[in-house]
Amino acid sequence: MTPQVSLPARPARTYTPQALIAVLFGALLVLAQAMAAQARGAPESFADLAEKISPSVVNITTSTNVASDMRQAPVVPEGSPFEDFFRDFLERQEDGPNRPRRSSALGSGFVISEDGYIVTNNHVIEGADQIMIEFFEGFDLPAEVIGTDPKTDIALLKVESEEPLEYVAFGDSDAARVGDWVMAMGNPLGQGFSVSAGIVSARGRALQGSYDDYIQTDAAINRGNSGGPLFNMEGDVIGVNTAILSPNGGSIGIGFAMSSAVVIQVVDQLQRFGETRRGWLGVRIQDVSGDVADAIGLATAEGALVTDVPDGPAKDAGIEAGDVILTFDGTDVADTRGLVRKVGNTAVGKAVEVEVFRDGAMETLMVTLGRRETAEAIPAAQPGPVEPDTAEILGITLSVITDQMRSEMDLADSINGLLVTDVPEDSEAYEKGVRAGDVITEAGQQAVTELSDLEARIEEARDAGRRSLLLLVRRDGEPRFVALSLE
């Protein structure tokens, strides 16, 4: 019989509190290092990417004829013995005293098709008489302008080449996250093909335009980089380098590239039509603030508040001043900027559903979009100046607009309401931008032409438990809503 051998039970290991803390700290350190390495995702080198995409990036040189009046220099006193000498000298110049000179400018761009379409900034080629494209391989080709869009500062050029050209594709700028690596390429300060790398510093930046959607990056961008591409790590273009924020004209790590989401739309229209064709709704709008939302009974401060509806698609569809546009063509509207971009990116002539909040309820309207460029070409009529007068409600001095005042001040017949004649600087109305000369045309989304009308609207709002009253204020024909406290 085989003897049974039993081993003594292994005693349970015990840890002191200090040992437990050390073990836990070590585990957390290892985990943190692993997560940091994964999040950082920095390539060992950008060389392979740069080599792959460099042939598609181009340098752009433009030339412009600038008139030069040689008679302005030198200047000698009239009657001087040198006067005849300098006059004879100027007249002997090869092309005379008004000989034009050439002005050159440098920029960047990138090829988007093998048959020679090139994207750059509008300001790079604006006003140019001649545009030359220098390719990475060392050859030059002249370019013609296919179309430009000053609103987004994008231009589309075309070169003719016997051989297919290396090109790059657009990527999804909406997928780019703050912290992602990016690479900028171009012709900084005329130094030729150059590469810089950095990260996406911010998204959705707006500088000046209605259609702005800039990617901010700390990749070095300098003068001459304008029009060049901003690449993601897959080698796709997610932005067009356009501007820098700098006190000295050089890069301080705050550069802006127009997102590919905007550029793709513009380039497609320039390629098809030679011009942009943006959708036009035909409304004036403003953002919905918290007090405005409260004044009209809207649960959240979102959407675009309609301040005026001139003749156009929106008016034909029944949209009214005071409506809040909450959805457009099936997508939510967060603010005015978002609505402008959505409408501009929608095809001219398309019929779209627009959901508006009106009088405490939702309404759905069908609007057939017009074309913004056509609408902007028609000058808008402006009413004449408004002079102050007297009265007082909600801390504002007001006056009814009489026929005599209308005649004296050349007010348009369509302007009816209460004239603001004085606003104390320490008042809420002044803080919210109401000024003498403004005309209040509506209160509580109802027309007001008498002081009693405004007083009635105030009482109605108080009876309804509102803490503020919504006023429609017009200045130089431009309307906007202002909510004033009733408390």
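Measuring r between the beta carbons of residue 426 and residue 44 and using R0 = 60 Å, the FRET efficiency lands at 0.45.
Between amide H atoms placed 1.01 Å from N, distances below 5 Å from residue 58 occur with 109, 110, 111, all of them 5 or more places distant or on a separate chain.
Placing a label point 7 Å from the Cα of residue 315 along the Cα-to-Cβ direction, the residues of region 431-459 with a backbone N closer than 18 Å are 441-442, 447. Shown here for region 109-171: chymotrypsin sites (Phe, Trp or Tyr not before Pro) in loop regions (DSSP other than H, G, I, E, B) with at most 10 other Cβ atoms within 10 Å, namely 139. Put in order of Cβ neighbour count within 10 Å, fewest first, the listed residues 366, 183 become 366, 183.
What the phi angles of region 183-189 give under the Karplus curve with 6.51, -1.76 and 1.60, with θ = phi - 60°, is a coupling list of 10, 9, 10, x, 10, x, 6 Hz, glycine and proline written as x.
Gain on full extension, evaluated as 0.36 nm per residue between residue 246 and residue 52 minus their Cα-Cα distance, stands at 66.7 nm.
Model label points for residue 460 and residue 447, set 7 angstrom from Cα along the Cα-to-Cβ axis, are 1.3 nm apart.
Net length available on complete extension from residue 254 to residue 435 is 61.5 nm, with 0.36 nm assigned per residue and the Cα-Cα distance removed. The lysines within cross-link reach of residue 151, meaning a Cα-to-Cα straight distance under 18 Å and a gap of 8 or more places when in the same chain, are 342. Modelled this way, with points 7 Å down the Cα-to-C-beta line, the labels at residue 180 and residue 287 are 2.5 nm from one another. For region 173-273, a/c is less than 1.5, where a ≥ b ≥ c are the root eigenvalues of the C-alpha gyration tensor. That puts it in the rounded class. If the segment from residue 163 to residue 362 were pulled out straight at 0.36 nm per residue, it would be longer than the present Cα-Cα gap by 65.8 nm.
Here the spin labels are modelled as points 7 Å beyond Cα on the Cα-Cβ line, and at residue 334 and residue 377 they lie 3.5 nm apart.
Readers should treat all values here as calculations from the given coordinates under stated rules, not as data from a laboratory. All values reported here derive from a predicted model rather than from experimental measurement. Neighbour counts run over all protein chains shown; Cβ positions are idealised from the backbone, glycine included.
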